[in-house]
Amino acid sequence: MQKKIKLSHFSQRDYLLSSFNYLELVIDIPIEPFEKYISKLKDIQSIRNKIIHEGSEIKDSSILKTIEKYSPNFLYDQEKEFLRIVSSNFNKDFFELLKNLYQELLWQLEERQKYKTIKDILENWFGLIEGKITISEVNSTNTSSKKRTIDFKISSDNEKIPELNGKLSLTSNKGYEVEIIDQSENELIKELLEAEKDLINLNLELKTFMTFDKNLDIRLLIY
């Protein structure tokens, strides 16, 4: 593979570091997008290790500073030097962190595969139109911490469909809505969207990308 990979990259006691080494060195996924998650995971890892391996007895001042960042989720008895988790918010925040991390990993894998899943989903969704629809020039960007936008080109061997553009926006929200906006002024696209109301649902097609966030608002613009 012509990569400088050593067994020591994955045999460390720090399983967190080994995991991200694997992503970067073997799967070729850059570590930069995960740095904001890694720092928080390291905090949780250090607290977890003290609870599991040292019976919640904490004397290390650096760990106490970490604990302070997550108060009032913890109660620390200074006299007994003993730590207790007293709020379920700590666990909720941890699971939210994991969910966001895996969502990011899903998109990094998709980019690594040149957006093959997105292409297949959209080509399948447009499949009711006579002729072969091809999705190309897919590009994905995080337009905010809760919104991802996917731009793409639409082409077909059906002469009644000119080359079009598409913009798919996925926004994390409290619930999910599906909105499809057609600016193509094309009769076949119009017929597809009429059929979509009864026959096919874009949110079901995109269920892969709702795995870690079931409350995504879906907005598709065709122009």
Helix-only [θ]222 nm of the chain, DSSP H runs n ≥ 4, -39500 (n - 2.57) each, per residue, nearest 500:
-12000 deg cm²/dmol
Please list, in order along region 19-33, the HN-Hα scalar couplings obtained from phi with the Karplus expression 6.51 cos²θ - 1.76 cosθ + 1.60 (θ = phi - 60°), rounded to whole Hz, x for Gly and Pro.
5, 6, 4, 4, 4, 6, 8, 9, 8, 6, 9, x, 7, 3, x
Normalised by the empirical 2.2 N^0.38 Å for globular proteins, what value does the Cα Rg of the chain take?
1.36
Take the alpha carbon atoms of region 138-162, find their center, do the same for region 40-99, and report the distance between the two centers in whole angstrom.
43
Step through the residues of region 54-70 one at a time and calculate ³J(HN,Hα) from phi using the Karplus curve (6.51 cos²θ - 1.76 cosθ + 1.60, θ = phi - 60°), rounding each to whole Hz and writing x for Gly and Pro.
10, x, 6, 7, 10, 10, 6, 5, 5, 5, 5, 5, 5, 4, 4, 5, 10
Check cross-link reach from Lys42 to the aspartates and glutamates: straight Cα distance under 12 Å, and skip same-chain residues fewer than eight apart.
Asp14
For Ile180, the residues 5 or more places away or on another chain with a placed amide H closer than 5 Å to its own amide H are Leu220
Largest to smallest principal axis extent of the C-alpha atoms in region 56-176, angstrom
80, 28, 20
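Please list the three semi-axes, largest first and in whole Å, of the ellipsoid equivalent to region 1-123, using sqrt of 5 times the eigenvalues of its alpha carbon gyration tensor.
In descending order the semi-axes read 35, 19, 9 Å.
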On a 0 to 90 degree scale, rounded to 10, what angle separates helix 89-112 from the longest Cα axis of the chain?
50
Would you kindly work out the equivalent ellipsoid of region 114-222 from its C-alpha gyration tensor and give its semi-axes, the square roots of five times the eigenvalues, largest first in whole Å?
23, 15, 12
Go through region 142-157 residue by residue and turn each phi into a ³J(HN,Hα) via Karplus (6.51, -1.76, 1.60, θ = phi - 60°); whole Hz please, and just put x for glycine and proline.
8, 7, 6, 5, 10, 10, 10, 10, 10, 9, 7, 9, 10, 9, 8, 7
Rounded to the nearest 10, the angle in degrees between the Cα long axis of helix 187-196 and the longest principal axis of the Cα atoms of the chain comes to 50
Report, to the nearest 10°, how far helix 116-125 tilts away from the longest principal axis of the Cα atoms in the chain, using its own Cα long axis and a range of 0 to 90°.
40
Positive-end extreme of charge dipole, region 7-111 - chosen from Pro30, Leu109, Gly55 (charges on Cβ)
Gly55
Protein accessible area in region 7-111, 1.4 Å probe - carbon and sulfur %
52
Could you name the aspartates and glutamates whose alpha carbon sits less than 20 Å from that of Lys207, not counting residues in the same chain fewer than 8 places away?
Glu96, Glu104, Glu110, Glu111, Asp120, Glu123, Asp151, Glu177, Glu179, Glu196, Asp198, Asp217
Place a +1 charge on the Cβ of each Lys and Arg in the chain and a -1 charge on the Cβ of each Asp and Glu, then give the dipole magnitude about the Cα centre in debye, rounded to the nearest 20.
1100
Can you list residues whose amide H is under 5 Å from Ile58's amide H, if they're 5+ apart or on another chain and H is modeled 1.01 Å from N?
Phe82, Leu83
Taking the alpha-carbon distance from Lys132 and a cut-off under 16 Å, which lysines remain once sequence neighbours fewer than 8 residues away in the same chain are dropped?
Lys119, Lys153, Lys160
Keeping all protein chains in place, calculate the accessible area per residue for the chain (probe 1.4 angstrom), answer in Å².
64
Added length on full extension, which subtracts the Cα-Cα distance from 0.36 nm per residue, Ser8 to Lys99
29.9 nm
For a label point 7 angstrom out from the Cα of Ser61 toward its Cβ, which stretches of region 71-114 have the backbone nitrogen within less than 15 Å?
none
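The values are calculated or read from the model by the stated rules, or taken from the named source; none is laboratory data. Predicted model, so just to flag it, every value in this text is computed and none were measured. Neighbour counts run over all protein chains shown; Cβ positions are idealised from the backbone, glycine included. What goes into the accessible areas is simple: the full protein's heavy atoms, side chains included, and nothing from ligands, DNA or RNA. Shrake-Rupley method; radii C 1.70, N 1.55, O 1.52, S 1.80 Å.
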